[in-house]
Amino acid sequence: MQIKEKTRIGYYPGCAITMGSSSEEYGTSVLRVAEAIGPELEEIHDWNCCGASSAHATNHKLSTALSIRNISLAEQSGFKEILAPCPMCSQRLIISQKDVADDEELKKDVEDAIEMPCNGDVKILNYLELIKNYCMDEIAEKRKKTPKDLKIASYYGCLLLRPPKVLQFDDPENPTSMEEIVEATGAISVDWELKTNCCGGGFTLSRTDIVLKLTNDILECAVDAGADAIAVACPMCHANLDMRQKKIEKEYNRKFNIPIVYISELIGLALDLGPISLGLNKHFIDTESVVNAFA
Amino acid sequence: MKIKITTKELKSDFAKEVKDRSGIDVKKCYQCGKCTAGCPVAYEMDYMPNQIIRFVQLGLKREALTSRTIWLCASCITCTTRCPKEVKIAELMDVLREMSLEEGLANPLEKNITTFHQAFLNSVKKHGRISELWMLNEYKMKRPKTALQDLIIGPQMLSKGKLSFLPHDIKGKDAVKRIFEKCK
Amino acid sequence: MAEETKFEPKIVAFLCNWCTYAGADLAGTGRNQYQANVRVIKLPCTGGIDPLFLIKAFERGADGILVSGCHPGDCHYNSGNYHARRRWNVFRPLLEFCGINPERIQFSWISAAEGGKWVETINGVVDTVRALGPFEGYQKINTIGPDASSESSQT
Amino acid sequence: MGKKIGVFVCHCGTNISATVDVEKVAEETKKNNPGVSYTTTYKYMCSDPGQKLLRDKIKEEGLTGVVIAACSPKMHEHTFRNAAIKSGLNPYHVEISNIREQCSWVHPDKPVGTEKSTDLVRMMTEKVRKDKSLKPIKVHVTKRALIIGGGIAGIQAALDIADGGHEVIMVEREASIGGHMAQLSETFPTLDCSQCIMTPKMVEAAQHDNITMHTWSEIESITGYLGNFDVKIRKKARSVDLDLCTGCSSCWQVCPCKKIKSEFDMGLANRTAIYIPFPQAIPSKPVIDRENCILFKDARKKNIKPNDSKVCRKCIDACPIAPVKAIDYNQEDEIIDVKVGAIIVATGFRELEDGLYGEYGGGKYEDVITGMQFERLASASGPTDGKIKRPSDGKEPEIVVFIQCVGSRDPSKGCSYCSKTCCMYTAKHTMLYKHKVHHGHAFVFYIDIRCAGKGYEEFSQRAIEEEGATYLRGRVSRVYKKGDKLIVLGADTLTGSVVEIEADMVVLASAMKAQDDAEQFAQKLSIQYDKDKFFSEMHPKLKPVESSSAGIFLAGTCQGPKDIPETVAQAGAAASKVLALLSSDELEREPVVARVDRQLPPVFSTCIGCFYCQKVCPYSAIESEDIKARDGSVIKTVARVNEGLCQGCGLCAATCRSKSIELDGFNDEQIYAEINAVEFN
Amino acid sequence: MIEALRKKAEELLRSNTVDVIYGYGEGSTPERTRPVFITKPEDVNKLIWNKYCVYNLTTYLKRQESRKLGKPAIVVKGCDAKTIVVLIKESQIKREDVYILGVTCNGVGEPLATKCKACDVNTPRIYDDLIGEKIENKEIPFDERYAELDEYEKLSEKEKWDFWQKQFAKCIKCYACSSICPLCFCDRCIVDKNQPQWIDPSAHPRGNLSWNVTRAYHLAGRCINCEECQRVCPADIPLNLLNKKLAKETEKNFNYRSGYNIDDELAMATYKEDDNQDFIK
């Protein structure tokens, strides 16, 4: 095997997936997988929240400044690429980067607010992009387990794909990146229709009713397509599909009980990194069926 | 409703204001309704997304800024993605929300949503990052009616170690605070 | 010299045959009056106007020049006006750089249907150039030394 | 040496003389312009006596140049030039000074008008001084027309020209003529069967004595100009000898490759490898699809001549023609040279490709079909014998959703224009569907209904009022599969609501696009095309069938989306233009053309051969010419103007830095004289 | 570097790849160089390369005297190499008829020539052989490349007029500017056309403006900024300012830089439908 020098990539976890947060298992599994096969992830020093929907929904300049501060910090540490596993974060960072590139005045204001310059030459990667760019060969080489007949519905949601002209990642209507990764872990991809639908995202607390309806459609579609589990790469999708699942079942009177797993967890299972260390015990919906498939 | 167009309305040139702020040119929209057709939240909205654009086209500022629709938009960007005329509709909603807050016109029926955004940003302002528990706390205090709906989830999250009691302050939290000040 | 009569600028207009010349004719048919300071030189197309023509007109003593042709997309020769536009895009800043007021050379698209626009444009050019005064700079060098034009048949 | 110039100032009744002192103009002109030997004024110069005055004075005074100060040259330049010819003066020594439209009518102050008129007359006398005799350009005409494309446009134009008594060469790249119209089921707004009106025309064209047809052929190159085009046609190897073959069908009946998607049936049915595209094809003789035929595959693999392959050979064995079989595996492409005088381009359109609309499945769902596919489903000679059946399972669809503007009016997919025909054909589709599936429901999503044509509005209203189609105003955002249904997410902006329909089949009113190779083809012909790659007409209003190159005309959808009546009308118009052109042996053209400087050796030409002129010429009228020494070595390469192609815009002349190109009628000396003659003091 | 150059030159001559090398040779003083035309392999030691090699040798591509020597290999700096691109685009020479000996260059002249101050072609963008260590070409922002113009563009209309009138008044119509210019290759220059005489060829001040404006305009979208015109002007007229102004406008309006890309269409022989027309009413 070739010994490659590990590429150094800035790591921007974002609030949702750090330890002690709602989706810490995503962060944990991303880091575990990176240790095993990925490039070297180095946390951006003293990063701050990207502002998420709340910022861009109410104050464009604030939203841009909060995101750009992180990019500038990364630039100062000499990173050429940043991984932001949370698609809310990666989307905000990419959009902000483009907005300042397109608008000199905004750039000036933002640089003034964050008290730092911003060159804009750092590339921001979402998690699927990172895996596709750096880890596909490694997964093939180092895969230890092959799941038995595990059918996975890959769920992208909104933020990985849209707006496509800015993010420029995969086909916005029929993406296939996640399926390729799922298949690399040895699982079977099921073709289903709602993989790019919206789960209601940030409305989980403020308009739970909307979230319940949208997630019900998604769960129903995946289950009807024969999926044993749904793979995601977004903490919000996960929160809505996993934590809210019991409530959905009650509200719409249908039993799903379908595990929602992070794509990083799936990779981790294929590499035999151990379910607990990947955080699979932290899910609301029991993930045992998935873990067992890799036995 | 009746749309009354007066010189005052025409002079205000809402569409131009929107364009100057965001670069979004609503004149391009020819009202095909594809945004509405694909909107996952449209069923809850008081006006369809295309109608909001129509308000902007016609200079009906108040109608647009007091709508519930702008708050119900989930920013899933399906509309922008599929718009045949490349109008950035989701981004337009952002601008309208901003203007709505500035003018104090945010629809009280969607107070949950505006309060959530406020609680979220307050947490960022204070700590530099989100402290989910404290953010939740602030939100629930302000919107007590919503407190019950997450009664089951909260404790379960705590038990799985998913809600930390300690807010995590970043070193540069003062810098973040200054960002908030400068971006008012 | 005291209260002499109002300065009447001389304007040379280079027009394309198909649009602006016909537009100027239409202004006539409609009896739309305008100032008489313009002398029209008709060419098939604005694409056929060499910047040398403009230089020559200034040399001869023009105070202002108008170049006018078909609107983009309407050129009788498909692309003549587009090529012309490219030329003016570089020639105009060059003259400006040399200290010639760009208002002395104006460009317009006037279609065969725009008699009104022709009238407005001519009046606009005449008024603007009248306000600028005679193109003394050029006329001054014109009078130094012998007249170079061997072709001249004027007095 | 000097010219004797006569100046005639017209009163135009009082149109001029009311505000211009014409006598004074004449007097001043005579006084101040040496060389002006005669001046006069006259009440109406354009009247018969006025013209006679001109003719007489040219003779009497021996005038070699004339200025008429009168109305705009657009009015009577032609009149006066013709009068000059009658007195033996070359007409290009006559110039018009426009003192009516551009002076007397717009300047009410008489002294001002008089002064300006005097100026204008002087400018023209100076120009006349430099005028040269020009001869009209004569171009020989080859009395034969080329028609490119064998669809309804091409066929109509070919028949019209052939009936007019001229030879027509028709080139069609498919194996049969007929084009899209042959694929259609019924036609709007009368619902008559397309085949029934198309097939007789196809037969007529094939049997016409004046029409030579080359199917399975393409244009290799076209050179030359108006009246004299040299055309190379590539007759692609058909593998079947058209003279020997009788179209008996023995070969395609035995062909074992039966699973090839039929292009004619839009992929809804299969064909064999040796095939005729459809039963009524003309010529009704097969072609071998060399990509898919197993014999050819074998030959390619083994790198041997096809006829040496031993694989299959069933078709040749079945061919009853003897002693020489009609099938020739080794047949090669053949290049045919023809000379023609005029060309009609009728290359048609293509339907929008699948896959562009990911949100409608991007071609993934069998039951989401295009408009052309629906035509085949509805056609009595189609794969389902005219029964409306879903492609996936053959079930009769109970709810069909028609989506309009798929690819039309959609700049985000690179297509901003309206395809013009879809509103009508969708209305037609709903009717055909309702006629065949009485209990079915048709829903149409539209943005605007555009049915401007005779009987069109009534037709589309009939679809709604009588046939019960439900029209919903809004675009569809998403189509996806749920079970065996298709979920259509649309909007109805009139009620302000989202509409979700569980449909059995979806029909996309796909846009009409320019042919894929339109751009290269246009370059081959030196004709212009628009941003959507449709060929551009010379003038959008007044020259709608002329291309930007003289002698090349446009018919049908290659110029832009249009329906059958409009296509036929345009084809007829193009044909009549060609007939007019072919009616004379020689063409005369205004001699306003550019000319590249030529000099005696050793200079030959001041042209340095930078060829900027060639790059800016809108008509590809600039050629390069090698000036050669006696030993054949090239001394220099310079530009040359092809008079047949030049339209006289002067772009080249203005582009030339050394002023080595000049435009006759507007040459350097003439313009210089005009500029110089402006009175600046 | 000189050794590499000489070796390559010798090789090219010996193999009959070319008939002549246009290069730089020693001048009368160490600070001077002069063009040399090497036709014999044994003469290659006459070739030199140093920071005094300011000229643009491509001007010899248009001259009959040098053309007679046969197929050339020509020593070019990055800036000079751009000329060849234009000459090829304008059909004055075929690519295969010239062998390009590109030299990498960190700037010439003592003090450094103005043209070198914002150089982004230290390594030529076109060559057959590269002599010298490859230098990464910088990307220089638009404003910086045309900074030289700033002080003149700032002048008032009257100041501009006066400045240029003073400059043009010095012109003696010696035409050194056009004869040195590698892109002024017309057999008959426009001033030599006398029917009609568009431009007064005598040293009349009026003709001077017309001549200088026309000369500059004829280089619009073509000049590659070698500054040879300015260097040879006996009256020290800052001719290159005019050329540079036009280069700036061409780039600003048409996004075109002469000599940079052989695949670009010549700026003044093409157009875009959305070209600027702000100034057209």
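Throughout, read-outs are computed from the coordinates displayed, never taken from laboratory work. As the structure is a computational prediction, the values presented were derived from the model and not from experiment. All Cβ positions, glycine included, derive from the backbone under ideal geometry; neighbour counts span all protein chains shown.
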Net charge near B:ASN112 (other residues with Cβ under 10 Å of its Cβ; Lys, Arg +1; Asp, Glu -1) is +4
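Which value at 222 nm does chain D reach when only helices count, each DSSP H run of 4 or more adding -39,500 (n - 2.57), with the total divided by all residues and rounded to the nearest 500 deg cm²/dmol? Each step should come with its number before you reach the end.
Details: 17 runs with 185 residues, N = 681.
For chain D, the value works out to -8000 deg cm²/dmol.
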Using alpha-carbon coordinates, inclination of helix D:668-677 to the longest axis of chain D, degrees: 50 degrees
If you take the beta carbon distance between D:ALA322 and D:CYS193 as r and set R0 to 41 Å, what does 1/(1 + (r/R0)^6) give as a FRET efficiency, to the nearest 0.05? 0.55
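Place a +1 charge on the Cβ of each Lys and Arg in segment E:2-131 and a -1 charge on the Cβ of each Asp and Glu, then give the dipole magnitude about the Cα centre in debye, rounded to the nearest 20.
320 debye
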Suppose each label sits 7 Å from its Cα in the direction of the beta carbon; what would the D:ILE294-B:HIS168 distance come out to in nanometres? 6.6 nm
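Percentage of Cα-Cα pair distances in segment D:349-513 greater than 23 Å, rounded to whole percent? Before the final figure, lay out each step's value.
Details: 4383 of 13530 pairs.
Every Cα pair in segment D:349-513 considered, those over 23 Å come to 32 percent.
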If you check each cysteine of chain B for another cysteine whose beta-carbon is under 4.7 Å away, which ones come up empty? B:CYS29, B:CYS32, B:CYS39, B:CYS73, B:CYS83, B:CYS183
Using a basic spin-label model with each label point 7 Å from the Cα along Cα→Cβ, how many nm lie between D:LYS395 and A:LYS80? 5.5 nm
Please work out the FRET efficiency for the pair E:ASP120 and E:MET1, using the Cβ-Cβ distance as r and a Förster radius of 25 Å; give the result to the nearest 0.05. 0.75
Based on the Cβ-Cβ distance from B:ARG178 to C:GLN33, what FRET efficiency comes out when R0 is 51 Å, to the nearest 0.05? 0.20
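Counting pairs of alpha carbon atoms under 8 Å apart in space and at least six apart in sequence, what relative contact order in percent does chain A give?
Numbers: 538 pairs, mean separation 58.6, N = 295.
After rounding, I find 20 percent.
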Run the numbers for E:ALA235 and E:ILE262: contour at 0.36 nm per residue of separation, minus the present Cα-Cα distance, in nm. 6.3 nm
Under 20 Å Cα to Cα from D:LYS30, which aspartates and glutamates show up? Leave out anything in the same chain fewer than 8 places away. C:GLU151, D:ASP21, D:ASP56, D:GLU60, D:GLU61, D:GLU95, D:GLU115, D:ASP119, D:GLU126, D:ASP131, D:GLU674, D:GLU679
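For A:20-30, what's the mean count of beta carbons from other chains sitting within 10 Å of each residue's beta carbon?
On the way: counts 10, 11, 10, 2, 4, 3, 0, 0, 0, 0, 0.
Going residue by residue through A:20-30 and averaging, the value is 4.
Once you've got the Cα coordinates, tell me which of C:LYS42/E:LYS173; D:LYS533/E:LYS138; B:LYS34/B:LYS111 are over 30 Å apart.
Values: C:LYS42/E:LYS173 33 Å; D:LYS533/E:LYS138 39 Å; B:LYS34/B:LYS111 28 Å.
The answer is C:LYS42/E:LYS173; D:LYS533/E:LYS138.
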Taking the alpha-carbon distance from E:LYS94 and a cut-off under 17 Å, which lysines remain once sequence neighbours fewer than 8 residues away in the same chain are dropped? D:LYS636, E:LYS62, E:LYS68, E:LYS71, E:LYS82
Near D:GLU332, within a Cβ-to-Cβ distance under 12 Å, what is the net charge of the other residues, with Lys and Arg +1 and Asp and Glu -1? +3
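In peptide C:15-25, what is the residue-averaged number of other protein chain Cβ atoms found within 10 Å of each Cβ? Walk me through the numbers on the way to the answer.
Details: counts 1, 2, 6, 3, 0, 0, 6, 3, 0, 5, 10.
Per residue, the average neighbour count from other chains is 3.
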So how do D:242-255, D:351-364, A:230-243 stack up, highest first, on mean other-Cβ count within 10 Å? A:230-243, D:351-364, D:242-255
Evaluated at 37 °C and 0.692 mPa s, the Stokes-Einstein D of segment D:250-318 based on the Kirkwood radius over Cα pairs, in µm²/s, stands at 262 µm²/s
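For chain E, what does the alpha-carbon gyration tensor say about shape, rounded, prolate or oblate, given a ≥ b ≥ c as the root eigenvalues, a/c under 1.5 as rounded, and a/b over b/c as prolate?
Values: a/c = 1.69, a/b = 1.53, b/c = 1.10.
Prolate, because a/c is 1.5 or more and a/b exceeds b/c.
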Label point distance in nm, D:GLN599-D:LYS259, each placed 7 Å from Cα along Cα→Cβ: 7.5 nm
Treating only Lys and Arg (+1) and Asp and Glu (-1) as charged, each at its beta carbon, one finds that segment E:142-269 has a dipole about its Cα centre, in Debye to the nearest 20, of 480 debye
List the lysines whose alpha-carbon lies under 16 Å from that of E:LYS281, not counting same-chain residues fewer than 8 positions away? C:LYS117
Which of the pairs A:LYS61/B:LYS184; E:LYS77/E:LYS117; A:LYS246/A:LYS282; B:LYS2/B:LYS88 have their Cα atoms more than 18 Å apart in this structure? B:LYS2/B:LYS88
Report the net charge of residues surrounding D:ILE5, where surrounding means a beta-carbon distance below 13 angstrom and charges are Lys +1, Arg +1, Asp -1, Glu -1. +4
